[in-house]
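Working notes, beginning with the structure itself.
The values are calculated or read from the model by the stated rules, or taken from the named source; none is laboratory data. Bear in mind that the values here come from a model prediction, so they are computed numbers and not experimental data. As a convention, Cβ positions derive from the backbone with ideal geometry for all residues, glycine included, and neighbour counts pool all protein chains shown.
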Amino acid sequence: MKVLIHNSAELAQQAVADILTARILAHPASVIGLATGGTMEVVYDRLIRAIAREAVPVRDLVTFNLDEYWGLAPAHPASYRSYMNARLFGPAGIPLERTFLPVADAADPAAESDAYELRIREAGGIDLQLLGIGQNGHIGFNEPTSSLASRTRLKTLTQSTRKANQQYFGADEATPEYAITMGIGTILDARECLLLATGSNKAEAVSRMIEGPLGAHCPASALQLHPKATIILDADAASALE
Ligand code: F6R
């Protein structure tokens with residue numbers, strides 16, 4: 001695990017955008033795993049600017065997102081499909097037919113999960129998986145006690161995750177109870193993982209991921225097993241490290 005600590009959130013976000021830009025420039029047909037959430041908003045903003053400035057070729061990219069809320073139509077404003085279309089795919093000009101998220105209004109979540117795994121395999125596997133981390137140590141929506149060998153499946157979200165994400169839903173609409181998420185085993189199959197955490201509210205989870213015992217109570221600690229995982233932090237997110 002390589003841990004890089006930057007003085008500010010802006011520098012950490014820029015560092016992640018730079019890694020993505022360099023990767024796409026060097027390998028325009030990469031298969032990139034993507035994440036959503038507040039942490040990635042500035043990263044995607046920086047990436048869009050770099051794509052325009054440096055004429056980064058994106059037409060051959062293939063992307064797979066980590067997760068999608070179960071039961072939300074893709075067009076729902078709080079769906080991760082809407083987030084990705086608005087914050088990255090549209091502005092960056094990435095062809096939508098090459099972008100994949102679990103289909104959250106499919107009839108059968110187990111069949112959709114298996115089909116998602118198959119789609120990733122048929123694309124040749126994920127070259128670089130971008131990750132955020134939840135305050136409870138989740139990656140994707142693999143909540144604490146998820147099997148470290150898990151594959152894409154339907155997961156119940158914890159109360160703390162639903163509370164953290166309530167801000168994206170209207171006052172009269174609760175955060176969904178379930179999501180389809182890549183499993184921890186799916187994430188570990190990526191050839192490279194890149195996790196970004198910023199802010200003091202992530203400090204405890206970051207310390208458990210990096211220094212804590214490897215185990216299902218902190219799903220992100222599974223990255224200790226990955227041969228090529230880079231963790232990029234700002235000083236606040238790194239503040240609980242020894
Ligand atoms: C999102 C995802 C989640 C988030 C995590 C952090 O696709 O997989 O694991 O990365 O919940 O979310 P923020 O960045 O909103 O704190």
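Just so you know, in region 6-39 the residues that are more than 19 Å from residue 79 (Cα to Cα) and polar (S, T, N, Q) include one that is surrounded by the fewest Cβ atoms within 10 Å (Cβ to Cβ), and it is 7.
Filter region 172-188 for residues that are in a loop (DSSP other than H, G, I, E, B) and under 14 Å from the mean Cα position of the chain (by Cα); which is surrounded by the fewest Cβ atoms within 10 Å (Cβ to Cβ)? Applying the filter and picking the extreme gives 183. Taking the residues in region 140-153 that are surrounded by fewer than 22 Cβ atoms within 10 Å (Cβ to Cβ) and within 15 Å of the ligand (Cβ to nearest atom) as candidates, determine which candidate is nearest to residue 33 (Cα to Cα). For region 140-153, the residue satisfying everything is 150.
Across region 179-203, the number of residues qualifying as within 13 Å of the ligand (Cβ to nearest atom), within 26 Å of residue 72 (Cα to Cα) and small (Gly, Ala, Ser) comes to 2.
Whether a residue is basic (Lys, Arg), surrounded by fewer than 21 Cβ atoms within 10 Å (Cβ to Cβ), out of contact with any Gly (no Cβ under 6 Å at 6 or more places or on another chain) and touching a residue at least 12 places away in the same chain (Cβ under 8 Å) was assessed, and residue 59 passes this test.
Out of curiosity, is residue 232 part of a strand (DSSP E or B), within 16 Å of the ligand (Cβ to nearest atom), touching a helix residue (DSSP H, G or I) at 6+ places or on another chain (Cβ under 7 Å) and within 26 Å of residue 14 (Cβ to Cβ)? So residue 232 fits the description; yes. Pairs linking a residue in region 178-203 that is of a type in the set (Phe, Trp, Tyr) to a residue that is more than 9 Å from the ligand (Cβ to nearest atom), with Cβ atoms under 6 Å and 6 or more positions apart or on different chains, are 178/70; 178/154; 178/156. With the condition kept exactly as written, say whether any residue in region 166-178 is within 15 Å of the ligand (Cβ to nearest atom), modelled with pLDDT of 95 or more and under 18 Å from residue 100 (Cβ atoms). Looking through region 166-178, none of the residues is within 15 Å of the ligand (Cβ to nearest atom), modelled with pLDDT of 95 or more and under 18 Å from residue 100 (Cβ atoms).
Scanning for something more than 16 Å from the ligand (Cβ to nearest atom), of a type in the set (D, E, K, R), closer than 20 Å to residue 182 by Cβ and surrounded by 20 or more Cβ atoms within 10 Å (Cβ to Cβ), does region 89-111 turn up at least one residue? The answer is no; no qualifying residue exists.
From the list 198, 230, the lone residue that is among the β-branched types (Val, Ile, Thr), modelled with pLDDT of 95 or more and buried (at least 23 other Cβ atoms within 10 Å of the Cβ) is 198.
In region 206-222, which residues are within 15 Å of the ligand (Cβ to nearest atom) and over 25 Å from residue 127 (Cα atoms)? Across region 206-222, the qualifying residue is only 208. What is the one condition in (1) within 16 Å of the ligand (Cβ to nearest atom); (2) surrounded by fewer than 20 Cβ atoms within 10 Å (Cβ to Cβ); (3) over 23 Å from residue 164 (Cα atoms); (4) β-branched (Val, Ile, Thr) that residue 42 does not satisfy? Of everything listed in (1) within 16 Å of the ligand (Cβ to nearest atom); (2) surrounded by fewer than 20 Cβ atoms within 10 Å (Cβ to Cβ); (3) over 23 Å from residue 164 (Cα atoms); (4) β-branched (Val, Ile, Thr), residue 42 misses just condition (3).
Restricting region 115-132 to residues that are touching a residue at least 40 places away in the same chain (Cβ under 8 Å) and more than 16 Å from the ligand (Cβ to nearest atom) leaves a set whose member that is farthest from residue 190 (Cα to Cα) is 119. Annotation note: of 96, 128, 101, the sole residue that is at negative phi and more than 17 Å from the chain's Cα centre (by Cα) is 96.
Looking at region 16-69 only, could you name the residues that are of a type in the set (Asp, Glu) and more than 13 Å from the chain's Cα centre (by Cα)? 18, 45, 54, 60, listed by residue number. Within region 17-39, being touching a residue at least 24 places away in the same chain (Cβ under 8 Å) and away from the ligand (no atom under 16 Å from the Cβ) holds for 18, 19, 21, 23, 24, 25, 27, 28, 29, 30, 31.
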